[in-house]
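Encoded as C-alpha cells, the structure appears first; notes follow it.
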Amino acid sequence: MNTGKVSNKVLVSLLFFAAVGLITGLFSGLVRLGFLSDAPTQPVSPMAHGPLMINGFLGTLIGLERAAALEKKWAYAAPVLMAASTVLLLAGPVVAGQWLLLLGSIGLTLVMSYLYYLQPKIYHLIMAFGAASLMVGNVLYIIGYPIYTLVAWWAAFPMLTIFGERLELNRIMRPPKQAQRLFAGLILGWIGALALTHIDRTIGWTIASVLLIGVAGWLIKYDVARRTIKSVEWTRYSAICLLTGYGWLILSGLFGLWHGFPTAGPLYDGLLHMIFVGFVFSMIFAHASVIIPSLSGKLVPWHSYFYLPLILLHGFLLTRVIGDLLWWPVVRKIGSHGNVLAILLFLGGVLFQLVSASIKKKQRVTQS
C-alpha cells in the first residue's frame, strides 16, 4: 500500500481543491481591497488571503505534483492535508486549519527531502529548502508572528520550488558545474538573508534583493527558454512566460534595494505582488500545459487566446505597481481587479479547451 499510482479521480479531486484555494484566495484578496465592504458579513475572511493562496492553492498543487512524480501513496498525505486545511479555513475552524497547514508543510518537506535522498542533485536540494521554508513560515504563522515578518518564507516556497525545477529542466542547456554551484550559492545566500531579516530587516532584505537579481540573471543566461522562444504554440508561450517572470524578479530586487521591505501599505503590496503575480503566476502560466496533463491525463490544446490573459496579467500588474508607488488607491484597485480577471481568464481558457477537446473526442468515437 506504500507504492503505486493513485486513480485519476483522486488526482483530479485534489486538483479541484487546489482550484478552490486559488479562487477563494483571490476573492479574499479583493475583500482586503474593499470589495463588498458594505456587506454585513464576508463569505471569506480578508485575513485568509495569504494562507489560501500559499498553502491552499500552491501547497496543494505542488504537493500533488511531487507526489504524482514520486508515485508513493504516503506522499499524497501532504496535498490531502493542504486541501483539508482549505476546507477548514473556509468553514470556520481556523485554528484547526492552521495546524493542518503546518502538518501539510511538514509532509511536503519530508517528500522533498526523500526525493533528495533518492537522487542527491542540487535541484532536489533547492526544492527541499523551498518546502522547509513553507514549514518555517507556517510555524511562525501558528505561534502568532505578524504576516509581514513571515511572508518572505511563504514566498520562498514557490520561488525555490520553481528555481529547482528550472535547474532540473535546464539539463538540456548543460550549465557548467561551476555555474550550477554559483546558482546554489546564490540561493543558499538568499535563504540566509531571509533569516537575517529577523535580526535586521533592512540589511537582510538588501542582501536578499541583490542575490535575487543574481538568481534572475543566472536563469536568463542559462534557461532553455532562450532557445524555445523561437518555437511555436505552448513551447513558445512558456518561454515568454518564463522570461517575463525573470524580468519581474529583477524588478523585485531593484524595488527592494530602493524601498527595502516595507511592513505595510502600498509599497508592501507592490513588492509582494511583483513576486507572487509577476514571477509566480508567470511560472504557473508557463507550466500549466505540462502540469495539468501530468495530473489529469488530459492534454490542453493550444490556442492563441492564452496570450490575452498573459498580457492582461503583466499589464494590470504594472498598473497596480504604479498605483502603489504613486499612492493612487483607485489605480491600485484597477490593477488588482485586473490581475484577478487575468488569472480567471487563463483558468477559464484551460477548462474550455479541455471540455472542447473531450466533446470532440466523444463525437469522433460516436461517428466511428
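The values are calculated or read from the model by the stated rules, or taken from the named source; none is laboratory data. Given the structure is predicted, the values throughout are model-derived calculations rather than measurements. Here the Cβ is made from the backbone with ideal geometry for all residues, glycine too, and neighbour counts use every protein chain on show. In case anyone asks, the SASA skips ligands and DNA or RNA and just uses the protein heavy atoms, side chains included. Shrake-Rupley method; radii C 1.70, N 1.55, O 1.52, S 1.80 Å.
Taken over the Cα atoms of region 1-142, the convex hull encloses 103 Å³ per residue.
Rounded to 0.05, the FRET efficiency of the Leu326 and Ser304 pair, given R0 = 45 Å and the Cβ-Cβ distance, is 0.85. Sorted largest first, the spans of the alpha carbon positions of region 250-368 along the three principal axes are 64, 26, 20 Å. When the P(r) of the chain is calculated, the portion above 26 Å amounts to 50% of the C-alpha pairs.
For region 48-118, a Kirkwood radius taken over Cα pairs fed into Stokes-Einstein (25 °C, viscosity 0.890 mPa s) yields D = 208 µm²/s.
Relative to the 2.2 N^0.38 Å rule of thumb, region 173-235 has a C-alpha radius of gyration ratio of 1.42. Summary value for region 225-368: 21 percent relative contact order, contacts being C-alpha pairs under 8 angstrom separated by 6+ residues.
Per the Debye calculation on region 267-318 with a single equal scatterer at every Cα and no solvent contribution, log₁₀ I(q)/I(0) for q = 0.23 Å⁻¹ amounts to -0.88. Once the cut-off is 19 Å, how many percent of the Cα-Cα pairs in region 141-198 end up in the long-distance tail? Percentage above 19 Å: 41. Shape analysis of region 216-302 based on the Cα gyration tensor places the equivalent ellipsoid semi-axes at 29, 16, 8 Å, largest first. Note on the chain: with a GNM built from Cα contacts shorter than 10 Å, the maximum mean-square fluctuation among Leu88, Leu194, Leu249 falls on Leu88. For region 79-126, go through all pairs of different Cα atoms, get the mean of 1/r, take its inverse, and jot down that Kirkwood value in Å. Evaluated on region 79-126, it is 11.6 Å.
Straight-line cross-link reach from Lys298 at under 20 Å between alpha-carbon atoms covers these lysines, not counting any fewer than eight positions away in the same chain: Lys5, Lys9, Lys360, Lys361, Lys362. Around the amide H of Lys298, modelled in the peptide plane, lies no amide H under 5 Å away from a residue 5 or more places distant or on another chain.
Please work out the average accessible area per residue across region 48-139, using the 1.4 Å probe convention, and give it in Å².
Per residue, region 48-139 has an accessible area of 35 Å².
Using a probe radius of 1.4 angstrom, the carbon and sulfur fraction of the accessible surface of region 176-218 is 70%.
Of all the options Ser85, Ser289, Ser105, the one that moves most in a Gaussian network model of the chain with Cα springs shorter than 10 angstrom is Ser289. In region 89-210, the convex hull through the Cα atoms has an average projected area of 8.6 nm², a quarter of its surface area. Remark on region 311-368: hydrodynamic radius 13.3 angstrom, per the Kirkwood mean of 1/r across alpha carbon pairs.
Under 18 Å of direct C-alpha separation, and excluding same-chain neighbours fewer than eight residues apart, Lys230 reaches these lysines: Lys221.
Take the Cα pairs of region 129-280, get the Kirkwood Rh, then feed it into Stokes-Einstein at 20 °C and 1.002 mPa s and tell me D in µm²/s.
The calculation lands on 135 µm²/s.
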